[in-house]
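Comments concern the structure below.
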Amino acid sequence: MHLQEHEAALLRAIEGARAARSPIASRGRGWEVDLPGAYRVQAASGTGRILKGYKLGLLSPAKQAQMGISTPIFGRAYADMLLENEVDLARFVQPRVEPELAVILRDPVPPDATPAAAWKAIAGMLVAVDILDSVWSGYRFTVEEVVADNSSGGAFLLGPQMREGYPTGTLRLFLNGELRSEGPVEALGDPGDRLAWLAAQVGGLQAGQVVFLGSPAPALPAEPGVLEAVWDQGGTLIARLSL
């Protein structure tokens, strides 16, 4: 993928920070990269990696307004980001964790799919954990910076149980047995709407891909210990975080 000069400079800064596992300060609009350019940077950072799906972010209107946009954002989920239940936190820059729901697609979702058609493509839903990781110091960034940094995509965990039907209930995140974060699943919006929007942005979704629908609960800094994500309507995910 051909990047413009300012886009290439942004990509080099992000890759350098990840290689050094050291955060860098936001430059605001100083990169001179717009949102489409930021998505080009995001795509270029995945060269040679196996795409397994996508993640959604900035779902709430309040967060979107804060960032100066009117839609969600998305990031890419690659094979090397889908982890088992043992997570080495040392591989990340400044990891945070949040409970999510994820959908697995049984059928493709074309870019012109309606929300109803997108719903029919879903094989099922699972509880998941998004291990957020940002190169931007203190998670202070512009929307262009976070998108270029793969929407703070660090890694993901997927629970073992899949269920069908409209998602309801509460997502909770425990660390070492202590409830640390929770939120209502309904805050994620309609999965059919989300998938139809995403498919239009990325040129369609493929059967077998996973889409992380975002979190209704606040993220918390990742610490060593036992992490447990619980969806009261659909199962539990348990993982061990270590340094």
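Note on region 1-57: among residues that are open to solvent by less than 30 Å² (accessible area, probe 1.4 Å) and among the β-branched types (Val, Ile, Thr), the one that is farthest from the chain's Cα centre (by Cα) is Val33. Taken as a whole, the condition of being touching a residue at least 60 places away in the same chain (Cβ under 8 Å), part of a helix (DSSP H, G or I) and among the aromatic types (Phe, Trp, Tyr) applies to Tyr39. Scanning region 167-208 for residues that are touching a Leu at 6+ places or on another chain (Cβ under 8 Å), of a type outside the set (A, V, I, L, M) and part of a helix (DSSP H, G or I) returns Pro191, Arg194. Counting only strands (runs of 3 or more DSSP E) that sit completely within region 67-139, those holding 2 or more residues that are over 19 Å from Lys52 (Cβ atoms) and at pLDDT 95 or above correspond to 95-105. Close Cβ contacts (under 9 Å, 6 or more residues apart or on different chains) running from residues in region 134-162 that are over 24 Å from Gly37 (Cβ atoms) to residues that are open to solvent by 10 Å² or more (accessible area, probe 1.4 Å) and aromatic (Phe, Trp, Tyr) comprise Ala155/Phe92. Among the residues making up region 63-100, those that are open to solvent by 20 Å² or more (accessible area, probe 1.4 Å), within 21 Å of Asp190 (Cβ to Cβ) and either among the hydrophobic types (A, V, I, L, M, F, W, C) or in contact with an Asp or Glu (Cβ under 6 Å, 6 or more places away or on another chain) (or both) are Ala65, Ile69, Glu98. Filtered by the rule that a residue be open to solvent by 10 Å² or more (accessible area, probe 1.4 Å), in contact with a Gly (Cβ under 9 Å, 6 or more places away or on another chain) and not hydroxyl-bearing (Ser, Thr, Tyr), region 206-216 gives Gln206, Gly208, Gln209, Pro216.
The values are calculated or read from the model by the stated rules, or taken from the named source; none is laboratory data. Because the structure is a prediction, the values reported are computed rather than measured. A quick note on method: Cβ atoms are made from the backbone with ideal geometry, for glycine too, and the neighbour counts reach across all protein chains shown. Note: areas computed on protein heavy atoms with side chains; ligands, DNA, RNA excluded. Shrake-Rupley method; radii C 1.70, N 1.55, O 1.52, S 1.80 Å.
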